[in-house]
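Below: the structure, in structure tokens.
Derivation of every value follows stated rules applied to the coordinates shown; laboratory data play no part. If you're wondering where the values come from, they're calculated on a predicted model, not measured in any experiment. Here Cβ is always computed from backbone atoms with ideal geometry, including for glycine, and neighbour counts include all displayed protein chains.
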Amino acid sequence: MVKDQSPSLDRVFHALAHPARRIMLRRLAAGEWNLSDLAAPLRMSFPAASKHVRVLERARLVRRRVVGRTHLCRIAAKPLADANGWLEGYRQLWEGAFQRLDALLDELKTNEKHGGQTKHGS
């Protein structure tokens, strides 16, 4: 599991904080794109798109290679898997809390039907 004090995790969440970068990642999930085509639907200049890709590169979410004048980008999944692993711990925490709440609500419904009280003193 990724530690809470992780510079790599910080870089990933920073990179994911901008909607343009999330769109880029979503598009890159389908395969390699040249930077101009990757940025085209975002209506941004090549330099602006390049800055966003640099943030993604620093987070190691994207790898870029230059072939002539073409910048080709592809996604790197490991940092996303690490971030997902960190988030998974919180999903499990919330899932457990919701299961306990469901059980309490079921108990309240059952006791309401039978006119009794819950073991929680209600």
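Summary of the geometry: region 67-95 and region 5-51, compared by the centres of their Cα atoms, lie 12 Å apart. As a calculated quantity, the FRET efficiency between Leu93 and Arg64 at R0 = 30 Å, using C-beta atoms, amounts to about 0.25.
Just how many % of Cα pairs in region 1-116 lie over 24 Å apart, if you round to the nearest whole percent?
Working: 2954 of 6670 pairs.
Above the 24 Å cut-off, region 1-116 has 44 percent of its Cα pairs.
With the contact rule set at Cα under 8 Å and sequence spacing of 6 or more, what percent relative contact order holds for the chain? Kindly include the intermediate steps, with their values, before the conclusion.
Working: 105 pairs, mean separation 32.0, N = 122.
Result for the chain is 26 percent.
In vacuum, with every alpha carbon of region 62-115 counted as one equal point scatterer, what does the Debye formula give for log10 I(q)/I(0) at q = 0.17, 0.21, 0.27 Å⁻¹? Two decimals, please. For region 62-115 at q = 0.17, 0.21, 0.27 Å⁻¹, log10 I(q)/I(0) is -0.72, -0.82, -0.96.
Taking Cα centre as origin and charging only the Cβ of basic (Lys, Arg, +1) and acidic (Asp, Glu, -1) residues, the dipole magnitude of the chain rounds to 880 debye. When the Cα positions of Val12, Pro47, Gln92 are compared along the charge dipole of the chain, Pro47 comes out farthest toward the positive end, with charges on each C-beta of Lys, Arg, Asp and Glu.
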